[in-house]
Amino acid sequence: MPFRATVLTLYPEMFPGPLGHSLAGRALREERWAIDLVQIRDFATDRHRSVDDTPAGGGAGMVLRADVVAAALDSVADARPVVAMTPRGRPLTQPRVRALAAGGGVTILCGRFEGFDERLFEGRDIEEVAIGDYVLSGGEMGALVLLDACVRLLPGVMGAASSGDEESFESGLLEYPHYTRPVTWEGRTIPEVLRSGDHARIAAWRKSMAETDTRLRRPDLWERHEGARVQPPSGARRTKD
Ligand code: SAH
């Protein structure tokens with residue numbers, strides 16, 4: 001069974017959008033993954049088909065109704081994890097992407113306006129995910145980001161050229177820099193080591209560049225990486241004192 005995404009949104013016409021092109025688009029046509037769209041508005045119950053209402057307590061904007069969104073969600077209830085796009089959610093990481101890609105698929109809830117009625121998260125098993133510390137106007141872009149990250153990891157999507165294993169974040173480090181022909185561009189030459197054909201030296205250079213780049217550009221990642229290295233081996237328990 002291919003990876004199946006179900007996206008609940010007020011704007012189903014935004015999908016597959018960019019995921020209909022390039023690697024993800026080809027994989028979609030090859031049925032390596034599938035996308036189903038649910039129009040949240042179809043689950044509105046009143047005459048005006050309203051999906052939102054004014055915030056309790058006052059204030060700007062509108063809030064997505066728990067009853068309408070839950071009805072939409074319940075219409076797709078199955079074993080796949082349900083992810084809601086929210087700015088306060090757990091920041092999306094490559095390990096989480098990898099775990100989702102390894103499963104059967106995902107159901108994604110896209111917010112709009114001020115977001116969802118809080119009771120939705122109490123009444124349903126929903127994982128909140130953020131794609132970064134900034135605010136989008138809707139969850140659709142976040143859903144596209146999450147799906148793009150998952151789809152490229154599916155079997156047969158990237159091809160043999162990219163194993164994916166050496167890429168940024170996979171080892172907890174950023175990736176080393178890349179070069180390609182021409183050998184000299186505007187007076188700048190590809191580092192000699194990369195033209196040496198000495199695979200051991202190349203690997204050592206790449207490892208050292210990845211470490212240096214991570215330390216300088218992302219001290220937060222570097223600290224976590226170093227912390228993970230000095231952890232006791234699995235199985236070892238810290239005794240209480
Ligand atoms: N009032 C909210 C912002 C709502 S933005 C707040 O201040 O937190 C509208 C919708 O866009 C959200 O419901 C969510 O689905 C989506 N969204 C905005 N920023 C996001 C982010 N960083 N990650 C994931 N989804 C986001």
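Within the set LEU173, LEU153, LEU194, the sole residue that is surrounded by 15 or more Cβ atoms within 10 Å (Cβ to Cβ), at pLDDT 95 or above and assigned to a helix (DSSP H, G or I) turns out to be LEU194. Would you point out the residue of the range 122-150, among those that are in contact (Cβ under 8 Å) with a residue 40 or more places away in the chain and of a type in the set (Asp, Glu), that is surrounded by the most Cβ atoms within 10 Å (Cβ to Cβ)? By that ranking, first place goes to GLU140. Of everything in the range 126-136, what is within 6 Å of the ligand (Cβ to nearest atom) and part of a loop (DSSP other than H, G, I, E, B)? Give them in sequence order. Across the range 126-136, the qualifying residues are ILE131, GLY132, TYR134, VAL135, LEU136. Of the residues that sit in the range 197-221 and are touching a residue at least 24 places away in the same chain (Cβ under 8 Å) and open to solvent by less than 60 Å² (accessible area, probe 1.4 Å), which one is nearest to ASP165 (Cα to Cα)? Top of the filtered list is ALA210. Cβ-Cβ distance below 7 Å, separation of 6 or more or different chains: which pairs start in the range 182-194 with a residue that is small (Gly, Ala, Ser) and end on one that is in a helix (DSSP H, G or I)? Matching pairs, first to second residue: none at all. Only one entry in THR86, THR9, THR54 is open to solvent by 20 Å² or more (accessible area, probe 1.4 Å), in the same structural domain as ARG119 (by TED's automatic domain parsing) and at pLDDT 95 or above, namely THR54.
The values are calculated or read from the model by the stated rules, or taken from the named source; none is laboratory data. Nothing here was measured: the structure is a model prediction, and the numbers come from that model. Because the Cβ atoms are built from the backbone with ideal geometry, glycine has one as well, and the counts that use them run over all protein chains shown. Remember, those area values only see protein heavy atoms, side chains included, never the ligands or the DNA or RNA. Shrake-Rupley method; radii C 1.70, N 1.55, O 1.52, S 1.80 Å.
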